[in-house]
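The structure appears right after this line, and notes come after that.
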Amino acid sequence: MTSVLSTALAPRSFTIDVERDGDVFAREKLLDAAMGPGRFRKSSQKLRDGRLPAMALVARDEDGRVVGTVRLWNVDAGGAPALLLGPLAVAEDRRCDGIGGALMREAIARAKNAGHGAIILVGDAPYYARFGFERRLTERLHMPGPVELDRFLALELRAGALDGA
């Protein structure tokens, strides 16, 4: 009985992959479910409208279903080139499987390997702090439109990347 229980509670597998053209419908459906229609009114969305992402990753389950997504966008952070991360979303039935964290770690590693200096985002500070994001790095920056300043965070991939921004 114990082995059946432990098997039932074992995390389900997933893989992280570059987003493909055929993932668009699944990604949008996932984002609608995770964030609702208000996602299009967010300040971060204004920076993404009409642009292609610099990086787009998805998590797929064993059947190939898109169960997570994260995208990063080139932005000017007060004169310093940076990436804007978001949105990050995970399918409701997979939110305890480590997918969000895995997508974050992969996105950060790929951005650093590609030579990017910093990533900024608007999000839950306690969640993103575990990846190194902090408010102090965005204190001199401003976002277009309303933004809760305690949720405006950054991570320097290269020391000093946001100096003077």
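The values are calculated or read from the model by the stated rules, or taken from the named source; none is laboratory data. Model, not experiment: these values are computed from the prediction. Here the Cβ is made from the backbone with ideal geometry for all residues, glycine too, and neighbour counts use every protein chain on show. Calculation scope for accessible area: heavy atoms of the full protein, side chains included, ligands and nucleic acids excluded. Shrake-Rupley method; radii C 1.70, N 1.55, O 1.52, S 1.80 Å.
Counting each DSSP H run of 4 or more residues in the chain as -39500 (n - 2.57), what helix-only mean residue ellipticity at 222 nm follows after dividing by all residues, to the nearest 500 deg cm²/dmol?
Details: 5 runs with 46 residues, N = 165.
Calculated from helices alone, the mean residue ellipticity at 222 nm is -8000 deg cm²/dmol.
Give me log10 I(q)/I(0) at q = 0.11, 0.16, 0.17, 0.21 Å⁻¹ for region 73-156, Debye formula, one equal scatterer per alpha-carbon, no solvent.
Taken in order of the listed q values, log10 I(q)/I(0) reads -0.29, -0.61, -0.69, -1.02.
Could you work out the per residue convex hull volume over the alpha carbons of the chain, in cubic angstrom? Don't jump to the answer; show the numbers that get you there.
Values: hull volume 21.3 nm³, N = 165.
Dividing the Cα hull volume of the chain by its residues yields 129 Å³.
Within region 125-159, report the GluC sites (Glu not before Pro) that DSSP leaves as loop and that have at most 16 other Cβ atoms within 10 Å. Display every interim value, and only then the final one.
On the way: sites: Glu134, Glu139, Glu148, Glu156; in loops: Glu139, Glu148.
Sites meeting the loop and neighbour criteria: Glu139, Glu148.
Assigning unit charges at the beta carbon (Lys, Arg +1; Asp, Glu -1) and nothing else, what dipole magnitude in debye, to the nearest 20, does region 100-147 show about its Cα centre? Let's see the in-between values first.
Details: 7 positive and 4 negative charges, 26 e Å.
Once rounded to the nearest 20, the dipole reads 120 debye.
Each residue of region 156-165 in turn: what ³J(HN,Hα) in whole Hz from Karplus with 6.51, -1.76, 1.60 and θ = phi - 60°, glycine and Pro shown as x?
Values per residue, Gly and Pro as x: 8, 7, 10, 3, x, 4, 9, 4, x, 5 Hz.
So, for the chain, what is the accessible surface per residue at a probe of 1.4 Å, expressed in square angstrom?
Numbers: 9140 Å² over 165 residues.
Heavy-atom SASA per residue in the chain reads 55 Å².
For the chain, with all protein chains present and a 1.4 Å probe, just round the carbon and sulfur fraction of the accessible area to a whole percent. Walk me through the intermediate numbers first.
On the way: 4960 of 9140 Å².
It is 54 percent, rounded to a whole number.
Express the relative contact order of the chain as a whole percentage, based on alpha carbon pairs under 8 Å and six or more residues apart in sequence. Don't skip to the end; give the middle numbers.
On the way: 250 pairs, mean separation 34.0, N = 165.
With pairs under 8 Å counted, the relative contact order is 21 percent.
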